[in-house]
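A short worksheet on the structure shown next.
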Amino acid sequence: MKITETKLKGCLILEPQVFEDHRGVFFEVFKKRELEDFLGYKIDFVQENTSISKKGVLRGLHFQIGEGAQAKLVSVQKGEVVDVIVDIRPDSKTFGEHIKVTLSDKNHKSIFIPKGMAHGFLSITNEVIFNYFCDNYYNPKMESGILYNDCDLDIDWDFPLSELIISEKDLILPSFKELIK
């Protein structure tokens, strides 16, 4: 497995070695030992989530605060997404910066997202099955987010805005500036 750190410290792209033959494909999504060796600390995933989305669905930008904060390992089982991670750690050199990564059932990449990052994704194929491994249990009292089209973050989703499908809850998320007050 190839592990690459992004410009956001601690945010990693995992690329498995893929074995393909006449039967199909096999790959390891992650190995705990290799991930922990790279990170330099232990990680214990306690919850797995799956979302199924149609083309144009934008979920995010979400994160959990305080004791509810979660590190996540995300991947796509079916389809393709534009995945966006925003560094919201006030002491980070990349505070307020973001990265975009294409995740798909073709490239088999995963992203490890450490605590202190906001996360969202846009489904760009007709059906997406998206998996999340989390190192903390979901607590609705600790959830927060940032508006997907925040002008200070300037995220280009590379998709017609008029075709986005966004939950009512995500449409009323605060701006980045409101969040960091």
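The test for being within 19 Å of Ile172 (Cα to Cα), surrounded by 18 or more Cβ atoms within 10 Å (Cβ to Cβ) and modelled with pLDDT under 95 does not hold for Gly120. Of the residues contained in the range 88-97, one or more are found to be hydroxyl-bearing (Ser, Thr, Tyr), surrounded by fewer than 21 Cβ atoms within 10 Å (Cβ to Cβ), at pLDDT 95 or above and out of contact with any strand residue (DSSP E or B) (no Cβ under 9 Å at 6 or more places or on another chain).
Evaluated against (1) in contact with a strand residue (DSSP E or B) (Cβ under 7 Å, 6 or more places away or on another chain); (2) over 30 Å from Lys31 (Cα atoms), Ser167 falls short on exactly one condition, (1). Among the numbered conditions (1) under 22 Å from Ser104 (Cβ atoms); (2) in contact (Cβ under 8 Å) with a residue 40 or more places away in the chain, the only one that Pro160 does not meet is (2).
I'd like to know if the range 161-174 contains one or more residues that are on the phi > 0 side of the Ramachandran plot and either assigned to a loop (DSSP other than H, G, I, E, B) or not charged (D, E, K, R) (or both). No. Taken as a whole, the range 67-75 holds at least one residue that is closer than 21 Å to Ile165 by Cβ, in contact with a Ser or Thr (Cβ under 9 Å, 6 or more places away or on another chain) and assigned to a strand (DSSP E or B). The set of residues from the range 80-97 being closer than 21 Å to Gln64 by Cβ, over 11 Å from the mean Cα position of the chain (by Cα) and in contact (Cβ under 8 Å) with a residue 40 or more places away in the chain comprises Asp87, Ile88, Pro90, Ser92, Thr94, Gly96, Glu97. The listed residues are Phe38, Phe63, Phe95, and the only one of them that is out of contact with any Ser or Thr (no Cβ under 7 Å at 6 or more places or on another chain) and either under 23 Å from Asn139 (Cβ atoms) or assigned to a helix (DSSP H, G or I) (or both) turns out to be Phe38. Residues that are free of Cβ contacts under 8 Å to residues at least 40 places away in the same chain and closer than 26 Å to Asp170 by Cα do not occur anywhere in the range 17-30.
Here is a yes/no grid of residues against (1) more than 21 Å from Ser104 (Cα to Cα); (2) surrounded by fewer than 18 Cβ atoms within 10 Å (Cβ to Cβ); (3) modelled with pLDDT of 95 or more:
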| position | (1), (2), (3) |
| --- | --- |
| Phe133 | no, no, yes |
| Ser144 | yes, yes, yes |
| Asp150 | yes, no, yes |
| Ile166 | no, no, yes |
| Lys169 | yes, yes, yes |
| Pro174 | yes, yes, yes |
| Glu178 | yes, yes, no |
| Lys181 | yes, yes, no |
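The values are calculated or read from the model by the stated rules, or taken from the named source; none is laboratory data. Bear in mind that the values here come from a model prediction, so they are computed numbers and not experimental data. Don't worry about glycine lacking a Cβ; one is built from the backbone with ideal geometry, like all the others, and counts go over all protein chains shown.
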